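The structure appears right after this line, and notes come after that.
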Amino acid sequence: MKTLTKDPFNIIIAGVGGQGNVVLSQLIGNALVNEGYLVTIGETYGASQRGGPVMSHMRISKEIVYSPLIEEGTADIILGMEPSETLRMLGRFGNPAVKTIVNPRPIYSVDVAGGEAEYPDFDKLLEAIRGLSAKTWIVNATEEAEKMGSPIVANTILVGALVGSGTIPLDRKSMEPVLEDRFPKALALNLKAFDRGMALINQ
Amino acid sequence: MPGFEIDAPGTSQLLMGNEAIARGALEAGIGFASAYPGTPSSEIMGSLAPVAKKMGFYAEWSVNEAVAIEAAAGASFAGVRAITSMKQNGRSVVADFVSTIVLTGLGKGGMVMVVCDDPQAHSSGNEDDTRTMAKWFDIPMLEPGNYQEAKDMTKYLFDLSEQLDSICLLRSVTRVSHSRGNVKLGELPRRKYKAYFEEAHDTRNPKQSKFVQNPPPPLHAAQHRRLVKAQAIFESSPFNWYRGPEKADLLIITAGSGWLHTQEVVKKLKLENRVGILKLGTLWPMPEKLVRQHLNKSSKILFVEEVDPFIERNVMELVASSPDIPRPTFYGKRSGHLNEYGELTPDIIIKAITGILGIPYQGRDADYAKKAEELAKNLVPKRSLALCPGCPHRATLWAVKTALKMDGRNGVTTGDAGCYSMGTGATGFFQVREGHCMGASCGIATGLGRLGQYDFNQPVVALCGDSSFFHANIPAFINGIWNKSNYTLLILDNNATSMTGFQPHPGTGMVAMEEATQVIKPEDLCRAVGARVEICDPFDLKQTTDALLGMMADNKGGKVLISRRECQLVKARKEKAKYKMHVDTEKCVGESCGCDRLCTRLFRCPGLTWDKKAGKSKIDTVLCAGCGVCADICPQGAIIKEEA
Amino acid sequence: MAVEAKGSRELFKEVIEAGLCTYCGACSGGCPYLVPYKGKIALLDNCTRDEGQCYGYCPRTFLDMSAISQQVFGVPYGEDELGTVKEVMIARSTGKRIKEKGQYGGTVTALMSLALAEGLIDGAILTRTGKDKAASAYLANSAAEVLQGAGSNYLACPVLETYNRTPKDSHRKLGIVGVPCQVIALSKMKQKPPENRPDIGDVKLVVGLFCTWALSPDGFYKFLKENVDLPKVTRFDIPPPPAKRFDAYIGTERKSFPLEQIRQHTMPTCAYCLDMTAEFADISVGSVEGLEGWNTVIVRTRTGAELMETAKKKKKLEIDKLPAQNLAHLKEASLLKKKRALTEIIKRSGSKNKLLYLGLSPRLVDKFLNGQGGK
Ligand SMILES: Cc1cc2nc3c(=O)[nH]c(=O)nc-3n(C[C@H](O)[C@H](O)[C@H](O)COP(=O)(O)OP(=O)(O)OC[C@H]3O[C@@H](n4cnc5c(N)ncnc54)[C@H](O)[C@@H]3O)c2cc1C
Ligand code: SF4
């Protein structure tokens, strides 16, 4: 599918500092720009290395350059690199039509280890995410990446899943040059991971 | 990914605002770039430095912002186009120099200073607004409203700077600098500079150089004349425009990120036929004629701008001094329709516009909103920022805590800017008791250390990083020694400017253009001024604690403890973890007497987790950096380190 | 009065900040929060436990004298000024080097060496004076190491920290030498065995030192530093009464300070201490009035008696009778300490029914207050 279902199309990529949120959003953003879209990506920095919540706001349009911040309650897709962060974003940006793609591997915060906060019961968490989403895909990206021997490609698996979900105007062909640019030395692995993501979401 | 420097004019690239600014500098054919890192400005130099050699210009990370801007001025004086970039704190550091260069003007090389403000203080200790500086010091200033403008304005400002013979300012904000959007690239000129300082002394015609601010009042008047000229140019600048009906129910005057949000909101609310937007790109001097022309578009005017009511006040000033303009009703920060602090969001602007126009607005479904907010509130755990696993600062701050408590005189620490300033919170055991600006740790400690005559006997420890030591602590440190102030300087030396992305500094032996240079060691500098210096390894908690106790007990002379360990993030790129860690669950006593969960509750390395069900600590093998420090704090010897 | 379960917060408030800490070390070593440094226990961080062994074992939190006596001797706390006594005598070491280095007769050093040799213990927790002349506790594993502990500088030293630090799974048979408050803390441990710390059952021998007061490791150490060439000092001494002086020797050269001058540097908590003769030890050892080079020895338990017997048999100690007049004086001195401490306690608490930390029957309180202690 190569057309936008909505203009602007709003994607939120939610994760934790150190997970590679920024790289993930850039991969998708660059592919979209190559396809001729106007893309804005707003990133939260500062927390990037330090275990705080990190989100990217991506706006895709054919018409104008949109703001780097998405209005509350208007996300079209939330790509969750971590489950509790997915729910955090749903709380602010979710709406009855939002779709979510979730990597279910939890990352505990120091507050959880420290005892001031509690990590939610996993089933309850997924139930909440499902209950707030029009559609939810669970993509075991970290687990699959570990199987492939390289936990870091979890992000590429998620890109594959997002593209495979058919919600954004990209396909494998549009991703190939971008992946090649970004991972010149590990292209084969990343293409494999991308394909794995495409396959996982369509299971 | 394609670099911001690619020679592909006409193509559209996804660039970060700061990359777009750097690109603008390249397209202007700069010959000189200098900066001190600071979020959200660091990527400007961060982009320029690595390509400088290849593109044939000079780039440097300077020791601080004041030096950076002065170095850039040197280039301008010799005819070389120069750019210097900084965050809003750096802008305050350069203020003195700026106040004088506006009087003398420049050499033949145009000079642009870029300041990236941080509304909402995402990565700062303040969120103040740079624009006032333009007014204060009479500097022509532009602010980009998107990524394309970030590039185009930077390029343009060099021409303007040369045309006016004045330093020019580009103000950006986090949401522009640190977001990405489409930028259509322009040509990359290949400029060959021949640097020459034309104001050299001429025996046949001896006269004062142009670059001397003497006498100031006429020079001040000259700068005012430059501003008048700038204003005339700005009246027809393509960076200002109006979109909307001839007669509007509401006129919005906006700039920068405010424009990005406003444009979207007006479109979303389908108010294009009722609401007009005057987008300004040239903010100082304000193009008064242009503004005046648009003021009669509506009797209601809303100002949308980030941080201070800068445009708002300037327009009010204009209206107040123009009796012929009918008085509109003003909305903005003064009226309370927009926030006077923190950043702008589309939501805030929606509320302001719909409120002023009395339009009902329904956001997301109310029941859904309630449910979503509740679930998020009840289930999503707090996620505080933390020093990284294996961070040497955690170990140093643990030793600081131990030493101050053992010393027992309620010792105080003064802080500086850097990762360790997270020591104000739980991740650094709340050990940083004061934090203002760079260089202030030694400065404040100097004052505290002179209060003995008033019965002050709390030991004072000034904390600063290696980069911040060089930045502005050296004069304060020398002052302390000169004036016999009693305190200990603790340099947390991790051999990098980690907070902003590992830029080199004088202690690293590297320069921005990736060439080796002389290493300037803090210990040599401190010893040269007569201080007693000791060096410790923070991972040796006992050594560090004892060294600090010893220094605090010594009431004489300058005392410096250098806690030296490379930043874990830098180290992890080069070498594997030193230890494989695990918890001996037989020995771990968890919450019982003899521990009370010291490691996860207080030490709080993200590499440690608490298995609530088992009542034991656990190593998170993915996050653990294998530094082994927690093994030394465990009172039961339950955390085991094995050579990896 | 029941023993209240409290933690480090209360320990800090009721003992440390109240100036009652004896610096015995019972709270530290087994705890990452409480650390002894320069005469004070520092609280490094916030422990959230409501109940802590730190509070429980502190000799200045509630001390039920009768229960402790019952625990150690199987009899309630009685009227004897010297506590529970099997035998009192005088003794001195027969070893030349011990006699040279020992404080008075070197009895303690001789006994600890013997206990090691006999296998009664396989390690001894002792206190030595370091190069810097500060006191520090250590674990001695051999006769040579025991000898390092001979002599004293009279500074309060957190001996029990070192005990608490011995690996809890080592199960070594330990002997401990300590001043009365330390012996009391050990008795509290016997009463309610510690968790996550060494097994108190492994402590096979407790030798108590007589003690009127201890000197502050902070204030007195500074005083010494200012008044003598500390690194050169070879020996400290408080010769037995009636000398009334503190001596610092550099070789044979002696520098004396009248006890009156020294007294301002004693640990303030010692004013509230009733125990002069380490009443809950196996053996208690002190000086002998008017007789240099000898020790007064009080044997209190079977373990103590057996060890003394062996010492006699193996000629490690020369033993003699304590003259009746000396015994009377010793009792007087001990009673005087009780009387003075009770008076101070009551002065501070404002009532005979509130004795700060002390659990003592009203009958005994009256008895001690009215007793004929004194010189
Ligand atoms: C603080 C203090 C106050 C004392 N007050 C009196 C008193 O008022 N009247 C009296 O008769 N005797 C007092 N003594 C005891 C006396 O000084 C001798 O220690 C005791 O008589 C044993 O003598 P000795 O010849 O057997 O000693 P040694 O054989 O020399 O053995 C001395 C032993 O004392 C231990 N020791 C040394 N310093 C310390 C210390 N700072 N804390 C704990 N243990 C230590 C060593 O481990 C060593 O085993 C006091 C001792 C101390 C430590
Ligand atoms: S060894 Fe301990 S302190 Fe070091 S990174 Fe691992 S968990 Fe953190």
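Overview of values
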quantity: Hey, C:Cys47 part of a helix (DSSP H, G or I) and within 14 Å of another protein chain (Cβ to nearest Cβ) or not; calculated: no
quantity: Of all residues in the range B:379-420 being more than 8 Å from every other protein chain (Cβ to nearest Cβ) and open to solvent by 30 Å² or more (accessible area, probe 1.4 Å), the one that is nearest to A:Glu72 (Cα to Cα); calculated: B:Ala417
quantity: Boolean, B:Gly550 is surrounded by fewer than 19 Cβ atoms within 10 Å (Cβ to Cβ), on the phi > 0 side of the Ramachandran plot and either in contact with a Ser or Thr (Cβ under 8 Å, 6 or more places away or on another chain) or at pLDDT 95 or above (or both); calculated: no
quantity: Members of the range C:9-35 that are open to solvent by 20 Å² or more (accessible area, probe 1.4 Å) and not in a loop (DSSP other than H, G, I, E, B); calculated: C:Arg9, C:Glu10, C:Phe12, C:Lys13, C:Glu14, C:Ile16, C:Val35
quantity: B:Leu602 being among the aliphatic types (A, V, I, L, M), open to solvent by 60 Å² or more (accessible area, probe 1.4 Å) and either near ligand 2 (Cβ under 9 Å from one of its atoms) or outside the structural domain of B:Gly423 (by TED's automatic domain parsing) (or both); calculated: no
quantity: Scan of the range C:13-44 for residues that are aromatic (Phe, Trp, Tyr) and within 12 Å of another protein chain (Cβ to nearest Cβ), ordered by number; calculated: C:Tyr33, C:Tyr37
quantity: Residues of the range C:97-123 classified as assigned to a helix (DSSP H, G or I) and either within 13 Å of ligand 1 (Cβ to nearest atom) or at pLDDT below 95 (or both), total; calculated: 15
quantity: All positions within the range A:128-154 that are β-branched (Val, Ile, Thr) and more than 14 Å from chain B (Cβ to nearest Cβ); calculated: A:Ile138, A:Val139, A:Val153
quantity: The range C:50-93, subset part of a loop (DSSP other than H, G, I, E, B) and of a type in the set (Gly, Ala, Ser), residue farthest from B:Leu397 (Cα to Cα); calculated: C:Gly78
quantity: Evaluation of B:Ala20 against (1) of a type in the set (A, V, I, L, M, F, W, C); (2) within 14 Å of another protein chain (Cβ to nearest Cβ); (3) under 19 Å from B:Arg190 (Cβ atoms) (one fails), failing number; calculated: (3)
quantity: Residue match in the range B:428-435 (condition: touching a helix residue (DSSP H, G or I) at 6+ places or on another chain (Cβ under 9 Å), crowded, with 24+ Cβ neighbours inside 10 Å and closer than 28 Å to B:Gly509 by Cα); calculated: no
quantity: Condition met for B:Pro538 (closer than 26 Å to B:Met406 by Cα and within 29 Å of the chain's Cα centre (by Cα)); calculated: yes
quantity: Some residue of the range B:614-636 being within 14 Å of chain C (Cβ to nearest Cβ), over 30 Å from B:Thr413 (Cα atoms), within 12 Å of ligand 2 (Cβ to nearest atom) and not acidic (Asp, Glu); calculated: yes
quantity: Residues satisfying the stated conditions in the range B:599-621, i.e. under 31 Å from the mean Cα position of the chain (by Cα) and either at positive phi or free of Cβ contacts under 8 Å to residues at least 12 places away in the same chain (or both); calculated: B:Arg604
quantity: Failed item, numbered, when A:Gly18 is tested on (1) farther than 20 Å from B:Glu19 by Cβ; (2) at pLDDT 85 or above; (3) open to solvent by 30 Å² or more (accessible area, probe 1.4 Å); (4) more than 7 Å from chain B (Cβ to nearest Cβ); calculated: (2)
quantity: C:Lys99, sole failed condition from (1) over 21 Å from C:Leu322 (Cβ atoms); (2) touching a Gly at 6+ places or on another chain (Cβ under 8 Å); (3) open to solvent by 20 Å² or more (accessible area, probe 1.4 Å); (4) more than 14 Å from every other protein chain (Cβ to nearest Cβ); calculated: (1)
quantity: C:Lys131 being away from chain B (no Cβ under 14 Å), within 16 Å of C:Val297 (Cα to Cα) and more than 16 Å from ligand 2 (Cβ to nearest atom); calculated: no
quantity: Among residues of the range B:392-413, those that are hydrophobic (A, V, I, L, M, F, W, C) and out of contact with any Lys or Arg (no Cβ under 9 Å at 6 or more places or on another chain), counted; calculated: 5
quantity: Subset of the range B:133-181 (residues that are among the β-branched types (Val, Ile, Thr) and assigned to a helix (DSSP H, G or I)); calculated: B:Thr154, B:Thr174, B:Val176
quantity: Listing of strands (runs of 3 or more DSSP E) fully contained in the range C:226-341 that carry 1 or more residues being within 30 Å of C:Gly130 (Cα to Cα) and touching a Ser or Thr at 6+ places or on another chain (Cβ under 8 Å); calculated: C:235-237, C:245-250, C:283-287, C:295-299, C:317-321
quantity: B:Ala150 among the hydrophobic types (A, V, I, L, M, F, W, C) and within 13 Å of chain A (Cβ to nearest Cβ); calculated: yes
quantity: Residues of the range A:45-88 satisfying the condition of being farther than 19 Å from B:Leu15 by Cβ, hydrophobic (A, V, I, L, M, F, W, C) and either more than 7 Å from chain B (Cβ to nearest Cβ) or within 15 Å of the chain's Cα centre (by Cα) (or both); calculated: A:Val54, A:Met55, A:Ile70, A:Ala75, A:Ile77, A:Ile78, A:Leu79, A:Met81, A:Leu87
quantity: Index of the failed condition, A:Gly42 passing every other in (1) more than 9 Å from chain B (Cβ to nearest Cβ); (2) surrounded by 24 or more Cβ atoms within 10 Å (Cβ to Cβ); calculated: (1)
quantity: Complete set of residues in the range B:327-350 that are assigned to a loop (DSSP other than H, G, I, E, B) and among the charged types (D, E, K, R); calculated: B:Arg327, B:Lys333, B:Arg334, B:Glu340, B:Glu343
quantity: Residue list for the range B:358-378, restricted to those being facing chain A (nearest Cβ under 7 Å) and among the hydrophobic types (A, V, I, L, M, F, W, C); calculated: B:Ala369, B:Ala372, B:Leu375, B:Ala376
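Results for (1) under 25 Å from C:Gly52 (Cα atoms); (2) in a helix (DSSP H, G or I); (3) within 11 Å of ligand 1 (Cβ to nearest atom); (4) in contact with a helix residue (DSSP H, G or I) (Cβ under 8 Å, 6 or more places away or on another chain), shown as yes or no for each residue.
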residue: C:Ile125; (1), (2), (3), (4): yes, no, yes, yes
residue: C:Lys133; (1), (2), (3), (4): no, no, no, yes
residue: C:Cys157; (1), (2), (3), (4): yes, no, yes, no
residue: C:Leu160; (1), (2), (3), (4): yes, yes, yes, yes
residue: C:Lys168; (1), (2), (3), (4): yes, no, no, no
residue: C:His171; (1), (2), (3), (4): yes, no, no, yes
residue: C:Leu186; (1), (2), (3), (4): yes, yes, no, yes
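The values are calculated or read from the model by the stated rules, or taken from the named source; none is laboratory data. All values reported here derive from a predicted model rather than from experimental measurement. We place every Cβ from the backbone using ideal geometry, glycine too, and count neighbours over all the protein chains shown. We work out accessible area using only protein heavy atoms, side chains counted, and drop any ligands, DNA or RNA first. Shrake-Rupley method; radii C 1.70, N 1.55, O 1.52, S 1.80 Å.
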